[in-house]
Amino acid sequence: MKIPPKGLPKEEIFKVLQSYKGHDLDWQSGKVLGFIYDAGEKAQEVTHEAYCMYLTENALDPLSFPSLLRLENEVVRMTANLLGCDNEVVGNFTSGGTESLILAVKTARDYSRAVKPHITEPELVLPITAHSSLFKACHYLGINPVVTRVHDDSFVADVDAMRKAITENTILLVASAPGYAHGVVDPVPEIAALALEKDLLCHVDACVGGIHLSYMRKLGYDVPDFGLNVPGVTSLSVDLHKYGYAAKGASIILHKNKELRKFQIWGCSRWTGYPVINAAITSAKSGGPMAAAWAVLNYMGNDGYMEIVKEVMEATQLMIDGVSRIDGLRVLGKPDMCMFALASTTDKINVYHLAEEMKKTGWYLQPQFARENSPSNLHLSLNRSTVPQANSFLKDFEATVEEIRNREVDQQTRDLQEELKKLSLKFDDETFFKLAEMAGVTGTEPPQRMDKVNMLLEALPYDISEYVLVEYLNNMMAAGS
Ligand SMILES: Cc1ncc(COP(=O)(O)O)c(C=O)c1O
């Protein structure tokens, strides 16, 4: 693959791009129950236009592009006001939940370096349901994640376990509103009170829930408290590119006040180039996501969001009721918004087979591994485009469950699962390739079926399965010709 010696005509380029998309998930169908947040064609149009209008402007330097500074401040303020924040709260626009979370953890690390310099090996206490990006933040920032259990049936954080996990090295407690996997909101007031009592910072990850839950509250739903107005909460992340229906690349990190936010910002004037000051991690970046987020918030308005949230919640209830009626399946916990996880209550239904067969009817459900007291399950996140499909989901789903009910996991996979559970590191490349071959994963193309791959990955000890994931990506994105 080489850059063509002569440029190609525009038509040809778009024909090729279109053909590349052929194997992607068809998100416009409304049947993709993860990854996608689609508010419909009109909102998409506004987003596209605003994005393209600011495509080339560089948000690296708000002094050179003061309109981007204005857009950022306005988007932050609109979000903070929706969440009921007071005027002391400050925030920034980031590229997504992950960047917001890394910044929240960096803020806590640098704050603790300043006020608790005796802490040299900082720890972050987080329930196992906290998003993987928090583990990534710890990994990047040299912080030790201390993982705590969640309650057996509700899957919300066990605050006593968090209390016991606190040591003199702890710098931050985390709560989710809600956790992605099960869609349940942690007891934020209790976790934040614990943080206050122990003189710790407390971050609420409302990346997926912040906007949707706020509108549920306006609609009269009983929504647990999760905001920066809860005593003890010191920062909060909320993504606009999820249920704010903005274009991807849009999240907000909020801090209780400017004194805390100071530890998020980075400046550099010790190199030979221009002086740099960054509120977020990225430096040069398109103004597109910011302008698109600003445009969609204004286009939708409170009434637009409330209409969507109402419809989506009705569809969610319909789907949860339908799934719960099926013999052998259950919804995990009591989901607080429009996302939930379903698991099998019998060994006659294998959820990974179910996800695989649902693909044949165009539905994408997200497999999630058994971890601690959370069993193997499938995750479903609804958005506006799912609403008209809710009944057809139930029809396809019920039929598919009956089709795979009693389908045995083949003996070879079961034997292999048992073997894998016993594996310990020293795990080398050779073992990786053997394992990949047994799971049917070869070459650089994604595997045809994922059910067996999931069952084997799930069986591996965590550190080895993570090693395998890294190896897999490293090989899939191969050096080539
Ligand atoms: C609760 C929660 N936090 C953080 C993230 C990470 O967000 P992003 O994928 O935008 O980086 C997600 C993503 O789904 C999430 O659900």
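Residues of region 24-67 being open to solvent by less than 50 Å² (accessible area, probe 1.4 Å), of a type in the set (A, V, I, L, M, F, W, C) and either touching an Asp or Glu at 6+ places or on another chain (Cβ under 6 Å) or more than 19 Å from residue 291 (Cβ to Cβ) (or both), which ones?
If the condition is that a residue be open to solvent by less than 50 Å² (accessible area, probe 1.4 Å), of a type in the set (A, V, I, L, M, F, W, C) and either touching an Asp or Glu at 6+ places or on another chain (Cβ under 6 Å) or more than 19 Å from residue 291 (Cβ to Cβ) (or both), then 32, 33, 36 are the ones that fit.
For region 400-414, does any single residue satisfy the condition of being of a type in the set (Asp, Glu), within 25 Å of residue 316 (Cβ to Cβ) and open to solvent by 30 Å² or more (accessible area, probe 1.4 Å)?
Looking for residues that are of a type in the set (Asp, Glu), within 25 Å of residue 316 (Cβ to Cβ) and open to solvent by 30 Å² or more (accessible area, probe 1.4 Å), one finds at least one in region 400-414, hence yes.
Return the residues of region 59-78 that are touching a Gly at 6+ places or on another chain (Cβ under 7 Å) and either within 16 Å of the ligand (Cβ to nearest atom) or in a loop (DSSP other than H, G, I, E, B) (or both); say none if nothing qualifies.
Passing the criteria: 59, 65.
Report, by residue number, each residue of region 111-126 that is in contact with a Leu (Cβ under 7 Å, 6 or more places away or on another chain) and part of a helix (DSSP H, G or I).
111 - this is the single residue of region 111-126 that is in contact with a Leu (Cβ under 7 Å, 6 or more places away or on another chain) and part of a helix (DSSP H, G or I).
Tell me yes or no: at least one residue of region 204-212 is within 16 Å of the ligand (Cβ to nearest atom) and in contact with a Cys (Cβ under 6 Å, 6 or more places away or on another chain).
No, the conditions are met nowhere in region 204-212.
Quick check: is even one residue across region 250-265 more than 11 Å from the ligand (Cβ to nearest atom), more than 15 Å from residue 85 (Cα to Cα) and open to solvent by less than 10 Å² (accessible area, probe 1.4 Å)?
Yes, that holds for at least one residue.
Against the condition surrounded by 22 or more Cβ atoms within 10 Å (Cβ to Cβ) and over 25 Å from residue 222 (Cα atoms), how does residue 378 come out, does it pass?
So residue 378 passes the test.
Quick one: in region 79-90, of everything that is away from the ligand (no atom under 16 Å from the Cβ) and either out of contact with any Gly (no Cβ under 9 Å at 6 or more places or on another chain) or in a helix (DSSP H, G or I) (or both), which residue is nearest to residue 216 (Cα to Cα)?
Among those that are away from the ligand (no atom under 16 Å from the Cβ) and either out of contact with any Gly (no Cβ under 9 Å at 6 or more places or on another chain) or in a helix (DSSP H, G or I) (or both), it is 82.
Restricting the search to region 134-159, which residues are in a helix (DSSP H, G or I) and open to solvent by 10 Å² or more (accessible area, probe 1.4 Å)?
If the condition is that a residue be in a helix (DSSP H, G or I) and open to solvent by 10 Å² or more (accessible area, probe 1.4 Å), then 135, 136, 139, 140, 141, 159 are the ones that fit.
Residues checked against (1) touching a residue at least 40 places away in the same chain (Cβ under 8 Å); (2) farther than 22 Å from residue 207 by Cα:
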site: 147; (1), (2): no, no
site: 154; (1), (2): yes, no
site: 169; (1), (2): yes, yes
site: 172; (1), (2): yes, no
site: 181; (1), (2): yes, no
site: 186; (1), (2): yes, no
site: 189; (1), (2): yes, no
site: 192; (1), (2): yes, no
site: 195; (1), (2): no, no
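Can you find a residue that is closer than 14 Å to residue 101 by Cα, under 20 Å from the mean Cα position of the chain (by Cα) and at pLDDT 95 or above anywhere in region 223-235?
There is at least one residue in region 223-235 that is closer than 14 Å to residue 101 by Cα, under 20 Å from the mean Cα position of the chain (by Cα) and at pLDDT 95 or above.
Would you tally the residues in region 190-226 being assigned to a loop (DSSP other than H, G, I, E, B) and either at positive phi or surrounded by 24 or more Cβ atoms within 10 Å (Cβ to Cβ) (or both)?
7
Among the residues in region 68-75, are any under 23 Å from the mean Cα position of the chain (by Cα) and open to solvent by less than 40 Å² (accessible area, probe 1.4 Å)?
yes
Does residue 129 fit the bill of being part of a loop (DSSP other than H, G, I, E, B), within 16 Å of the ligand (Cβ to nearest atom) and at pLDDT 95 or above?
Yes: the conditions hold for residue 129.
Only residues that are closer than 15 Å to residue 130 by Cα and either within 18 Å of the chain's Cα centre (by Cα) or more than 16 Å from the ligand (Cβ to nearest atom) (or both): list them for region 193-203, please.
Selection gives 203 alone.
Six or more apart or on different chains, Cβ atoms under 9 Å: show the pairs whose first residue is in region 232-248 and in contact (Cβ under 8 Å) with a residue 12 or more places away in the chain and whose second is part of a loop (DSSP other than H, G, I, E, B) and of a type in the set (Asp, Glu).
Close Cβ pairs (under 9 Å, with a partner that is part of a loop (DSSP other than H, G, I, E, B) and of a type in the set (Asp, Glu)) amount to 245/38.
What tally of residues in region 91-121 results from selecting those that are in contact with a helix residue (DSSP H, G or I) (Cβ under 9 Å, 6 or more places away or on another chain), open to solvent by 20 Å² or more (accessible area, probe 1.4 Å) and more than 16 Å from the ligand (Cβ to nearest atom)?
Qualifying residue count for the region: 5.
Give me the pairs, please: first residue somewhere in region 438-453 and within 19 Å of residue 366 (Cα to Cα) and at pLDDT 80 or above, second residue anywhere and surrounded by 15 or more Cβ atoms within 10 Å (Cβ to Cβ) and among the acidic types (Asp, Glu), beta-carbon distance under 7 Å, and either six or more positions apart or on two chains.
Here the result reads 449/356; 450/356; 451/356, each pair linking region 438-453 to a residue that is surrounded by 15 or more Cβ atoms within 10 Å (Cβ to Cβ) and among the acidic types (Asp, Glu).
How many residues are touching a Ser or Thr at 6+ places or on another chain (Cβ under 8 Å), closer than 22 Å to residue 23 by Cβ and either open to solvent by 50 Å² or more (accessible area, probe 1.4 Å) or hydrophobic (A, V, I, L, M, F, W, C) (or both) if we restrict to region 423-456?
Final tally of qualifying residues: 1.
The values are calculated or read from the model by the stated rules, or taken from the named source; none is laboratory data. Here the structure is a predicted model, which means the values were calculated and not measured. In this analysis, Cβ positions are derived from the backbone assuming ideal geometry, glycine residues included, and neighbour counts consider all displayed protein chains. Protein only, heavy atoms only, side chains kept; ligands, DNA and RNA dropped before computing areas. Shrake-Rupley method; radii C 1.70, N 1.55, O 1.52, S 1.80 Å.
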